[in-house]
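Okay, so here's the structure we're looking at.
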Amino acid sequence: DLLTAAPGSLQGGVDAGAVNTGAIAEESHNLLAFGTSLGTVEFWDPRSRNRAGILSAPQDAFEGRSEVTALTFPRSGLNLAVGNSNGLIHLYDLRSPTPLLKKDQGYGFAIKNIIYLENNTSSRGQVTEPKILTADKRIIKIWDPENGTPWTSVEPAVDLNHVEWVKDS
């Protein structure tokens, strides 16, 4: 409702989309990102309490319109991983609206989790090269964020609702 909503307010409302997921770059610049049912990502700066920008995910003729269902920043805060309801993951450099990489989860189910596998401390179990974990209801995949090369996957006998990674383990 343009009469009651403040200028620059978050997209959403009746018949106008809704926020599906959110992420914060808390180890870097603290930018907030909100994934919407309209297929966009809105960036908000908590210091100024204003929207900093909107990212519209690319739409393919075969994919149709998709909702943003998962978001995450790496520790550096310079990139963003976006998962959608069609099972696709796009990796972005925050300075460009064009994805650096597009990865298909393979089953067409909504992406539930995206996790950058980066350790905070040096340990024997440290991941030597950063990886990304993505999960939908059917499969967990771990892959290289530079080129999309698969590293490993896990396909349980039951549907997944959520995946969590124990850092530095």
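Just to confirm a number: summing +1 for Lys and Arg and -1 for Asp and Glu over residues other than residue 131 whose beta-carbon lies under 9 angstrom from that of residue 131, what do you get?
Around residue 131, the charge tally is -3.
Here the spin labels are modelled as points 7 Å beyond Cα on the Cα-Cβ line, and at residue 43 and residue 100 they lie 1.3 nm apart.
Whenever you get a sec, compute what percent of the accessible area on the range 69-169 sits on carbon and sulfur atoms (1.4 Å probe). Using a 1.4 Å probe with all protein chains present, the range 69-169 comes out at 50 percent carbon and sulfur.
The values are calculated or read from the model by the stated rules, or taken from the named source; none is laboratory data. Quick caveat, the model's predicted, so the values are computed rather than measured. For neighbour counting, all protein chains shown are included, and Cβ atoms are generated from backbone atoms with ideal geometry for every residue, glycine included. Areas reflect the complete protein model, heavy atoms only, side chains present, ligands, DNA and RNA absent. Shrake-Rupley method; radii C 1.70, N 1.55, O 1.52, S 1.80 Å.
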